[in-house]
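Worksheet for the structure shown next.
Derivation of every value follows stated rules applied to the coordinates shown; laboratory data play no part. It should be emphasised that the depicted structure is a prediction, and the values quoted were computed from it without experimental measurement. Note: ideal-geometry Cβ built from the backbone for every residue, glycine included; neighbour counts use all protein chains shown.
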């Protein structure tokens, strides 16, 4: 391919790895969202001069990481999440999201530091639809950064 031709990567081939949690199909998700952050702003009113409000940056706010997939029976990842939530004993983990290319090599990776579960949701059961049961795992974390 000539060097001047560039095609943006596709977003449908990715893998998720929760460091320390292994099992068959644990990293296969149908959707990953929440890879975003925003710098906060604090408004401070001018003292003595009421016409002005100064805006100062405050630390970055990160959205929760949302992982969705077809339900797995006996999943170590969901067992970890349930233990954290139900027993209120948190064991934070590092989560790596890899965007893959056509030959299964990572082309971009994001590392989420000190992630822990804050929610588990199982999709609704509907007798009128022929749909896969989807489990959604919501993770909070300290910060994330792009690895490569």
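Here the label points at residue 132 and residue 104, each 7 Å from Cα along the C-beta direction, are separated by 1.8 nm in the simple model. Assuming a ≥ b ≥ c are the square roots of the Cα gyration tensor eigenvalues, decide whether region 14-146 counts as rounded (a/c under 1.5), prolate (otherwise, with a/b larger than b/c) or oblate. Prolate shape, in that a/c is at least 1.5 and a/b is the bigger ratio.
With the simple model of a label 7 Å out from the Cα in the direction of the Cβ, residue 56 to residue 31 spans 4.0 nm. Think of it as helices only: each DSSP H run of n ≥ 4 in the chain is worth -39500 (n - 2.57), and spread over all residues that comes to -2500 deg cm²/dmol at 222 nm. Take every Cα pair under 8 Å whose residues are at least 6 apart in sequence, average their separation, divide by the length of the chain, and the relative contact order is 24 percent. Taking the longest Cα principal axis of the chain as reference, the axis of helix 76-87 is set at about 50 degrees. Were the residues from residue 10 through residue 64 laid out at 0.36 nm apart, the gain over their Cα-Cα distance would be 17.2 nm.
Computed packing ranks the peptides 81-91, 35-45 as 81-91, 35-45, most packed first, by mean other Cβ atoms within 10 Å.
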